[in-house]
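Enquirer: Supplied in structure tokens, the structure appears directly below.
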Amino acid sequence: MYAQIIIDISHEKLDKPFTYGIPEELSKKIVPGVKVIIPFRNREIEGYVVELTDSIDFDESKVKNIIKICDDMIATDVRMIALAYWMKRHFGGTLNASLKTVIPVKEKVKPTVYRFIKRNMPVDDLRVELAEIAKKKNASEQKIRLLSALLEDEVIPWEVATGKLFVDSPVIRDLEKRGLLEVEEKDALRNPLSHISQGKIPPVLNENQRQIVDDFLVDYSGGIRKTYLLRGVTGSGKTEVYMEMISEVIKSGKQAIFLIPEISLTFQTVMRLYGRFGDRISVLNSKMSKGERHDQMERARIGEIDILIGPRSALFAPFLNLGLIIIDEEHETSYKSETVPKYHARETAIELAKMSGASVVLGSATPSVESYEKAKKGEYKLYELTERAQKQALPDCEIVDLREELKKGNRSILSRRAHEVME
């Protein structure tokens, strides 16, 4: 077997796959998306495996072998490699830059370690041991507190023992040596929303919202995957529609990505989604640490969460069963990357959805011209919410032609009508 590898150098002349042999000891570990160390000219460099093949069209004796797999690499899947190729063709730039974009967290970071104190004997035996300790003249109050707690709960977090029961580490270790308890450690993925209390918010949809959701579900349950444009006036309840769509998609065993411009990624928005879906949702934002961002991607990969909400970088979450991508405020320019590859999250999401068998829902009160045009032509399916959710009145609006103001001598940036109503 041979591997086609794109080397980790952003240079146009080298932006093509190079062929390397796969040593026998690595044959079961080399898959598309893995980062490896390879010999290149007179040095060793990193590269990404983009394809496997069992034949080559040149002399085998000239093929060099892969040296090793990078231990700090998280493997991606073939779908993301294909998406990187598409981004290069569609938006320009190098394949390497596209790969680095679709593999947003390339290195593993130091995991968070949680320690637990676990009862190491039957309750009755521990009760006897506790009585013996309490009989002693200078009985340790710390030992008594900890063992009493272990009689109530088989497992106690280390932080609870040291922080709330005020038990010192040497005391815990001493009891561990005597075999009364054991200390266990395990890696845990950070949850940036763990401090939020859960509370299920029941869905309440008005007639217009329910019609849109029902129509979407007819398509979805029938295996039809489309791009939809939801045009709804401010306050019409687009988020409620999104949440009901997500809920139904999750019930079918799929996962969802919810893109929101960074400026709109407010605590209130996250709270609404968390209140509906609880700890099956997570979030990405620019203020999170490298470790926190890595953990959210890993939680998505292993199926610990069903929904990831965030800016355009959340689009590349490694969900294995992606079923729905929602892009709220789809007209926002922040969905366009200003660095190479200069991709548009909307177009990239639609391509990713095609590869994944997922649907895309674009939402806005003021859709972009191109999206609205495609909806009018039938390329996207158009849904419209023309009234506010609770039937509140829309504000009165007047349009003033400033060209007429200029003709009448008004050189101000404000019209005479604007002056009038302000006064």
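The values are calculated or read from the model by the stated rules, or taken from the named source; none is laboratory data. Just so it is clear, the structure is predicted and the values come from calculations on it, not from any experiment. Please note: Cβ atoms are built from the backbone with ideal geometry, for glycine as well, and neighbour counts cover all protein chains shown. Heads up: the accessible areas ignore ligands, DNA and RNA and are worked out on the full protein's heavy atoms, side chains in. Shrake-Rupley method; radii C 1.70, N 1.55, O 1.52, S 1.80 Å.
Enquirer: When you look at residue 267, is it out of contact with any helix residue (DSSP H, G or I) (no Cβ under 6 Å at 6 or more places or on another chain), surrounded by fewer than 18 Cβ atoms within 10 Å (Cβ to Cβ) and not basic (Lys, Arg), yes or no? Don't jump to the end; show me each part of the working.
Expert: Values: out of contact with any helix residue (DSSP H, G or I) (no Cβ under 6 Å at 6 or more places or on another chain): yes; surrounded by fewer than 18 Cβ atoms within 10 Å (Cβ to Cβ): yes; not basic (Lys, Arg): yes.
Taking the combined requirement at face value, the residue satisfies it.
Enquirer: While we're on this one: State which residue is modelled with the highest pLDDT when the search covers only segment 243-288 and only residues that are under 12 Å from the mean Cα position of the chain (by Cα) and of a type in the set (S, T, N, Q).
Expert: 255
Enquirer: Could you tell me how many of the residues in segment 312-341 are open to solvent by 10 Å² or more (accessible area, probe 1.4 Å) and in contact with a strand residue (DSSP E or B) (Cβ under 7 Å, 6 or more places away or on another chain)?
Expert: So the answer is 6.
Enquirer: Same structure again: List the residue pairs whose Cβ atoms are under 6 Å apart, where the first residue sits in segment 46-67 and is touching a residue at least 24 places away in the same chain (Cβ under 8 Å), the second is acidic (Asp, Glu), and the two are 6 or more positions apart or on different chains.
Expert: Once the first residue is touching a residue at least 24 places away in the same chain (Cβ under 8 Å) and sits in segment 46-67, its partners that are acidic (Asp, Glu) give 46/8; 47/8.
Enquirer: Of all the residues that make up segment 160-187, how many are without any contact (Cβ under 8 Å) to a residue 12 or more places away in the chain and more than 23 Å from residue 124 (Cβ to Cβ)?
Expert: Going through segment 160-187 one residue at a time, the tally reaches 7.
Enquirer: How about segment 367-396: which of its residues are assigned to a helix (DSSP H, G or I), aliphatic (A, V, I, L, M) and open to solvent by less than 60 Å² (accessible area, probe 1.4 Å)?
Expert: Matches in segment 367-396: 375 only.
Enquirer: Give just the number: which of (1) within 30 Å of residue 78 (Cα to Cα); (2) part of a helix (DSSP H, G or I); (3) of a type in the set (Lys, Arg) does residue 417 not satisfy?
Expert: (1)
Enquirer: Say whether the condition of being touching a strand residue (DSSP E or B) at 6+ places or on another chain (Cβ under 6 Å) and modelled with pLDDT of 90 or more is met by at least one residue in segment 95-103.
Expert: Taking every residue of segment 95-103 in turn, none turns out to be touching a strand residue (DSSP E or B) at 6+ places or on another chain (Cβ under 6 Å) and modelled with pLDDT of 90 or more.
Enquirer: Taking segment 270-302 as the region of interest, how many residues are touching a Phe, Trp or Tyr at 6+ places or on another chain (Cβ under 6 Å) and open to solvent by 60 Å² or more (accessible area, probe 1.4 Å)?
Expert: 0
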